[in-house]
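A.B. asks: For reference, the structure I am asking about is given below.
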Amino acid sequence: MSERLLELLGADRGIVCAVGAGGKKTTLYALANAHPGRVAVTATVFMTAFSRRLGAYRLITEEPDLPATVAATGEHRRVAYARPSEKPGRVAGAPPDVIGDCHRQGAFDLTLVKADGARMRAIKAPAPDEPVIPESATTVLCIVSAAAIGEPLDERIAHRPERIEAVTGLRAGDPITPGAVGRLLSANNGGLQGIPDQASVIAVINAVDDADRRALAREAARAALQHGGDRIARVVLTCHRDGQNPVLEAVERE
């Protein structure tokens, strides 16, 4: 299970960022728990404090030389680092331009980065200044929840529904179709926005909790591959509900 998850999500090594909505932190934590080597977990944006279930040494600091400070944690196999936040239960993101140095100086096999926020919604489109992806990123995971498919486009299910309208052509209140999800994942002003040219892109449709959702997720995956050209390497369908193997299947370009 661990090897397949790491392989399909391009997370056996390097700097892996998660963007989108509907499972970023869950996916990153699953990757951290699956990897056998030295792993860092961080963010470039505000996020909830690192959970103890991550089992990581937590480094929350304003030290100006962050790479050296992170490198000094060498006795720990798993490290979660960020800057402090004035908001209770939150941490602030690390500067994106130093994450590559933290990765190298800390001798990490894998660094996992939460690179935007979604306010606990199932689907989102980025604002003009999102996501915040380090130039050193090797893989970017574009995530959406299958729970959004079939739901009306509104603020209950979507973060920035007006941006989703602009990307997909949906209107407020319209049901979110698999085709619209595919267009969102593959759009330059949607799932592909702000991704460095050298980074591999893997789309993830999460919360595929039953057979009906799986059929709809497959349809969305095929649409994403069709519209995304060669930019999206594959679409992976996942479900973390039972705590076992989260990978259901990988949809590849035909």
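A.B. asks: Please find, among 127, 107, the residue that is surrounded by fewer than 22 Cβ atoms within 10 Å (Cβ to Cβ) and closer than 21 Å to residue 166 by Cα.
C.D. replies: On the way: 107 fails: closer than 21 Å to residue 166 by Cα.
Checking each option against the conditions leaves just 127.
A.B. asks: With the structure loaded, tell me whether residue 146 is within 20 Å of residue 236 (Cα to Cα) and touching a residue at least 60 places away in the same chain (Cβ under 8 Å) or whether it fails that test. If you could, list the steps in order and put the result at the bottom.
C.D. replies: Numbers: within 20 Å of residue 236 (Cα to Cα): yes; touching a residue at least 60 places away in the same chain (Cβ under 8 Å): yes.
The answer is yes for residue 146.
A.B. asks: Residue by residue through the stretch 195-230, note down the ones that are at pLDDT 95 or above, assigned to a loop (DSSP other than H, G, I, E, B) and either among the hydroxyl-bearing types (Ser, Thr, Tyr) or buried (at least 18 other Cβ atoms within 10 Å of the Cβ) (or both).
C.D. replies: 195, 199, 207, 208
A.B. asks: What are the residue pairs meeting all of these: first residue in the stretch 92-113, first residue over 16 Å from residue 46 (Cα atoms), second residue assigned to a loop (DSSP other than H, G, I, E, B) and among the polar types (S, T, N, Q), Cβ atoms under 6 Å, and 6 or more apart or on different chains?
C.D. replies: From the stretch 92-113, the pairs are 100/136.
A.B. asks: Sort out for me the strands (runs of 3 or more DSSP E) sitting completely within the stretch 7-71 that have 3 or more residues that are free of Cβ contacts under 8 Å to residues at least 60 places away in the same chain and either in contact with a strand residue (DSSP E or B) (Cβ under 8 Å, 6 or more places away or on another chain) or not hydroxyl-bearing (Ser, Thr, Tyr) (or both).
C.D. replies: Numbers: elements: 14-20, 39-43, 57-60.
Filter on the stretch 7-71 gives 57-60.
A.B. asks: Based on what the data block shows, is residue 215 closer than 22 Å to residue 132 by Cα and over 16 Å from the mean Cα position of the chain (by Cα)? I'd like the intermediate steps shown before the answer.
C.D. replies: Numbers: closer than 22 Å to residue 132 by Cα: no; over 16 Å from the mean Cα position of the chain (by Cα): yes.
So residue 215 fails the test.
A.B. asks: Next question, about the same structure. Among the residues in the stretch 112-122, are any more than 22 Å from residue 236 (Cα to Cα) and within 17 Å of the chain's Cα centre (by Cα)? Talk me through it step by step, then tell me what you get.
C.D. replies: We begin by selecting, within the stretch 112-122, every residue more than 22 Å from residue 236 (Cα to Cα); these are 119.
Filter once more, so that each one left must be within 17 Å of the chain's Cα centre (by Cα): 119.
For the stretch 112-122, residues more than 22 Å from residue 236 (Cα to Cα) and within 17 Å of the chain's Cα centre (by Cα): present.
A.B. asks: Could you list, in sequence order, the residues of the stretch 1-25 that are surrounded by fewer than 24 Cβ atoms within 10 Å (Cβ to Cβ) and aliphatic (A, V, I, L, M)?
C.D. replies: So the first thing to find is which residues in the stretch 1-25 are surrounded by fewer than 24 Cβ atoms within 10 Å (Cβ to Cβ), and the list is 1-8, 10, 12-14, 25.
Residues satisfying the conditions are 1, 5, 6, 8.
A.B. asks: While we're on this one: What do you reckon, is residue 52 surrounded by fewer than 17 Cβ atoms within 10 Å (Cβ to Cβ), at pLDDT below 95 and more than 21 Å from residue 247 (Cβ to Cβ)?
C.D. replies: Working: surrounded by fewer than 17 Cβ atoms within 10 Å (Cβ to Cβ): yes; at pLDDT below 95: yes; more than 21 Å from residue 247 (Cβ to Cβ): yes.
So residue 52 fits the description; yes.
A.B. asks: So is residue 86 under 24 Å from residue 52 (Cα atoms), at pLDDT below 95 and not basic (Lys, Arg) or not?
C.D. replies: Numbers: under 24 Å from residue 52 (Cα atoms): yes; at pLDDT below 95: yes; not basic (Lys, Arg): yes.
Spelling it out, residue 86 is indeed under 24 Å from residue 52 (Cα atoms), at pLDDT below 95 and not basic (Lys, Arg).
The values are calculated or read from the model by the stated rules, or taken from the named source; none is laboratory data. Quick caveat, the model's predicted, so the values are computed rather than measured. Glycine also receives a Cβ, built like all others from the backbone with ideal geometry; neighbour counts cover every protein chain displayed.
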